[in-house]
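**Q** Starting off with a structure, shown below.
The values are calculated or read from the model by the stated rules, or taken from the named source; none is laboratory data. Since the model is a prediction, treat every value here as computed from it, not as a measurement. Ideal geometry is used to build each Cβ from the backbone, glycine not excepted, and the neighbour counts take in all protein chains shown.
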Amino acid sequence: MLQFPAWKVLLVLAVLAWGVVMSLPNAVNMSGAPDWVPKKSVNLGLDLRGGVYLEMEIRPEEVISGRLDVFARDVRSALMERTDTTAPVLHLAEVSGRTMTIKLTRADASGNYPVDEAIARIEKVNGPVEGGLAGGKTFDVARAGPDRISITVPANSENLMMADALAKTETIVRRRIDPDGVAEISITRSGSNRLILEAPGEPNPQRLKDLLSRDGRMTFNIVDDSTTSILAAQAGVVKPGFRLISGPTTGPLLIRSIPEIVGSDIASASQGNDEANRPQINFRLNSNGARKFFETTRSNTGKRFAIVLDDSIMSAPSINEPIPGGNVRITGDFTIEEAQDLAAIISAGEMPAKVQFLDQRVVSSTLGEDSIRSGYLAAVVGLALVGCFMILAYGAQGVFAVASLAMNIVLIFASLTLLNATLTLPGIAGIILTIGMAVDANVLVFERIREEQRNGRSIWTAVQAGYERALITILDSNITTLFAAGILYALGSGPVKGFAVTLALGIITSVFTAFIFTRMLTVFWMKIAKPKRFAI
C-alpha cells in the first residue's frame, strides 16, 4: 500500500503532466505551441457565453403525410410495371392526412378493376419501417371499393416513424446550422417529437429560424407547360395527377405531383459560380439518383422538368437529350450568402416534417460573463476556505490535500478539453461539488490515521492502516454517486447533462488524486522528514 516503485511514480507523474498540458489552453493562448499540444479551450455553454436557445417540434401528422407522399412514388412504379402476363395498372394517388387512396383507372374487358393484383404489387414494395422487425410491413393496405385501395399507417409504424424522423431531424438541424462541424452547438431531445437547440455565440436567432423553417424538400418533376392546361388550372380545374406552382423566374407551371427525383437521391451540394462568376448551387446525385435522372431525361426528351425546392420552382430547363453523370446546377439571382445557405439546406437533406418553433430565448454575452465571474469567484473562495481548513486541521497532510485538490481541478479541465465537452453553469457547480467530495476522501483517510495513532501504532503502520481501511468507504460513496451521475446524464438534458459530466469526471479524478497522489506525497515526505507522528 505504501510502496511506490519507479514505474508507478513515473506513471502518476505522466498522468499529472498530461493533465497540465491538456488544460493549458484554458489558461493561456496556445496558438504558437507545437502541433501535438491542444489549442482549443473548453467550450462554454449558452449560460456562460450567451447565444440563442430554440425549442422546436415536429408533428406526427406531417411525418406520416410525408412518408405517404414518398411511398406514392414506389406505388406508382409498382403499378406501372409491365409483366408478360398482365397489362399495366394505371392509378391516381391522393394523400389526405394519415391515409392515401389509390384509384385504379383501367378496368379489364369485363369492366372489373384488378384490385387484388394491385394490392399484391403494392405489398411487394411495402417493406418494414426503420427500426422495425424484419419481414414487417410499414403500411396497412386494404380494398376500399371496387376501384379503390386504402393505405394507412398502423400505430406501431407511427411510433417507429416518429423515432426515425426525430433522429433525422436532429441530424439535419446540426448539418444546416453547422455544415463544417466546427460550431459549438448543442442539440438535445425532449420527449418523442421535440428538440432543443443551443447555439452559444450566435447573435442572430432569425437566421437560425430561417435555415430551419425551410423543409429542404427538393424534387425533380416533369412539367406540363401547355397554355391550355395552365389556364384551366388557374381557373380551378387542375389536370389529374398534376399541381400548379410557380417560381421567381418561371411563372406558374403544372408539375407532376409524384416526383421523379427526391432529396434522398442527392449526395452533396455546394455553392459555386457560373460562367459569369455569379453564385450558383452545384449538387451531385448519388448512384441511384443519377440512374433515375438518366432514365427520366431519356424517356422525356423534348419536355421540361422542374427543380422544385419547398414548393417553389428554382428552374425549369428543357430536356434536350439524356443527361448522364448526375451533376446538376441551379443558377439564379443569388447572393453568396443565399447560395451558401441553400446549399447547406439541400446538402443536409429534407426535413421529415416542418419544424414548429415553440420557444425562443436570447442570452446576452454580458449575462454569460457575469456567470463566469460568479462561478470563478465561488470556486476560488470555496477552494481557499477548504484549503485553510485542511492545513489548520491536518498540518502537512492538509498541504498535500490542497495540492491534490488543485491537481483534481486540472485533471477535470483536461478531461473536458479532451472530450470537447461544453461547460455550463451547472457544470461549474459540479466541479465545486467534487472539490468537497475530494476533501471528504482526504478527511476519511486522515481521521483513520489519527485513530490508528491514538491506538498506539507507529506512523508507518498508522498511515498504511488508514488508507487500507478508508478505501472501502471511499469507493462505496463515490461509486454510488457515479451511478447517480450516470442516471442524471441518461435522463436529463442540457444543463443537467453538463452537471452530470463534470460530477462524473470529478469523482474519477478525485479518487485518483486523493488516494494515489496524496498518498505518494505523504510517503515521500515521510521518507525525507522521518517524522515520529503526524500533527493531526
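Conditions (1) touching a strand residue (DSSP E or B) at 6+ places or on another chain (Cβ under 6 Å); (2) within 30 Å of Gly191 (Cα to Cα), marked per residue:
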| position | (1), (2) |
| --- | --- |
| Ala348 | no, yes |
| Asp359 | yes, yes |
| Ile372 | no, no |
| Ala379 | no, no |
| Leu392 | no, no |
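**Q** Give the residue, chosen from Ala514, Ala470, Ala485, that is under 22 Å from Thr188 (Cα atoms) and crowded, with 19+ Cβ neighbours inside 10 Å.
**A** Ala485
**Q** Scan the range 108-159 for residues that are surrounded by fewer than 18 Cβ atoms within 10 Å (Cβ to Cβ) and among the aliphatic types (A, V, I, L, M) and jot them down.
**A** Scanning the range 108-159 gives Ala109, Ile119, Ala120, Val125, Leu133, Ala134, Ala142, Ala144, Ala155.
**Q** Right, something else. Quick check: anything in the range 55-62 out of contact with any strand residue (DSSP E or B) (no Cβ under 8 Å at 6 or more places or on another chain), at pLDDT 85 or above and loosely packed, with under 15 Cβ neighbours inside 10 Å?
**A** Yes, the range 55-62 contains at least one residue that is out of contact with any strand residue (DSSP E or B) (no Cβ under 8 Å at 6 or more places or on another chain), at pLDDT 85 or above and loosely packed, with under 15 Cβ neighbours inside 10 Å.
**Q** What is the one condition in (1) surrounded by 14 or more Cβ atoms within 10 Å (Cβ to Cβ); (2) charged (D, E, K, R); (3) at pLDDT 75 or above; (4) under 26 Å from the mean Cα position of the chain (by Cα) that Lys40 does not satisfy?
**A** Just one mismatch for Lys40, condition (1).
**Q** Which strands (runs of 3 or more DSSP E) does the range 171-278 wholly contain that include 1 or more residues that are in contact with a strand residue (DSSP E or B) (Cβ under 9 Å, 6 or more places away or on another chain), closer than 30 Å to Arg49 by Cβ and not assigned by TED's automatic domain parsing to the domain that holds Pro317?
**A** Ranges flagged: 186-190, 194-200.
**Q** For Asp225, all conditions in the list (1) modelled with pLDDT under 85; (2) closer than 29 Å to Asn43 by Cα hold save one; what is the number of the exception?
**A** (2)
**Q** Here are some residues: Phe483, Phe524. Which one is over 18 Å from Met407 (Cα atoms), modelled with pLDDT of 85 or more and aromatic (Phe, Trp, Tyr)?
**A** Phe483
**Q** Next question. Quick one: count up the residues across the range 30-54 that are touching a strand residue (DSSP E or B) at 6+ places or on another chain (Cβ under 9 Å), β-branched (Val, Ile, Thr) and closer than 17 Å to Asn420 by Cβ.
**A** Counting residues in the range 30-54 that are touching a strand residue (DSSP E or B) at 6+ places or on another chain (Cβ under 9 Å), β-branched (Val, Ile, Thr) and closer than 17 Å to Asn420 by Cβ gives 1.
**Q** Also: Give the residues of the range 20-44 that are basic (Lys, Arg) and free of Cβ contacts under 8 Å to residues at least 40 places away in the same chain, sorted by residue number.
**A** Residue satisfying the conditions is Lys39 alone.
**Q** Continuing with the same structure: Looking for whichever is of a type outside the set (S, T, N, Q), free of Cβ contacts under 8 Å to residues at least 40 places away in the same chain, assigned to a helix (DSSP H, G or I) and more than 27 Å from Ala378 (Cα to Cα) here; the options are Glu468, Glu452. Which one fits?
**A** So the residue among Glu468, Glu452 that is of a type outside the set (S, T, N, Q), free of Cβ contacts under 8 Å to residues at least 40 places away in the same chain, assigned to a helix (DSSP H, G or I) and more than 27 Å from Ala378 (Cα to Cα) is Glu452.
**Q** Mind checking whether some residue in the range 418-426 is assigned by TED's automatic domain parsing to the domain that holds Ala393, more than 45 Å from the chain's Cα centre (by Cα) and crowded, with 23+ Cβ neighbours inside 10 Å?
**A** The answer is no, given that none of the residues of the range 418-426 is assigned by TED's automatic domain parsing to the domain that holds Ala393, more than 45 Å from the chain's Cα centre (by Cα) and crowded, with 23+ Cβ neighbours inside 10 Å.
**Q** Working only within the range 380-433, note down all residues that are among the aromatic types (Phe, Trp, Tyr) and more than 15 Å from Gly506 (Cα to Cα).
**A** Phe389, Tyr394, Phe400
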